[in-house]
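For reference, the structure discussed in these notes is given below.
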Amino acid sequence: MVTDGEDNVSRNSLEKAVREIQKSNVVIYSIGLFSDEDKKNRKKAMRALKDISAASGGVAFFLVLPVVPSVYCCGYRERLIADV
C-alpha cells in the first residue's frame, strides 16, 4: 500500500480495520510518503500504517520529503510461476 497517510473517506475506524486485517490471510506492506512540514498529522498516519502492517504480519516503510509530489506512480507486476 502506497499512501500519503491522509484518511479522507474511511467509513470504519482504524480499530475495526485492524480486526478485519487480523482475520484475513493477507500481508500488508505500507509505504508512507510524507512531507517534512506536517509533523503532527505525519505522526498519527505513521502509527496507523504501523498498526495496519503489523496486524497482517507485514512492515511499514516511510519516506519523508521536503515536499511530497502531488502525483506519484507505483507499478506492480504479478510474477507467474513461469517467471521464477
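Only the coordinates and a few stated rules stand behind these numbers; no lab work does. Predicted model, so just to flag it, every value in this text is computed and none were measured. Ideal geometry is used to build each Cβ from the backbone, glycine not excepted, and the neighbour counts take in all protein chains shown.
Observations on the model:
- Measuring between alpha carbons in the structure, the pairs from 16/43; 23/44; 23/50 lying more than 22 angstrom apart are 23/44.
- Charged-residue dipole, Cβ positions (Lys, Arg, Asp, Glu), segment 1-43 about Cα centre, Debye nearest 20: 280
- In a DSSP loop and with at most 14 other Cβ atoms within 10 Å, the trypsin sites (Lys or Arg not before Pro) in segment 1-71 are 11.
- For segment 1-59, the Kirkwood estimate of hydrodynamic radius, built from reciprocal distances between every pair of different alpha carbons, is 11.9 Å.
- Karplus 3J(HN,Hα) series, Hz, for segment 19-31 with 6.51 cos²θ - 1.76 cosθ + 1.60 (x for Gly, Pro): 4, 5, 4, 4, 7, 7, 10, 10, 9, 10, 10, 9, 10
- Length-normalised contact order for segment 2-69 - Cα pairs under 8 Å, 6+ apart - percent: 41
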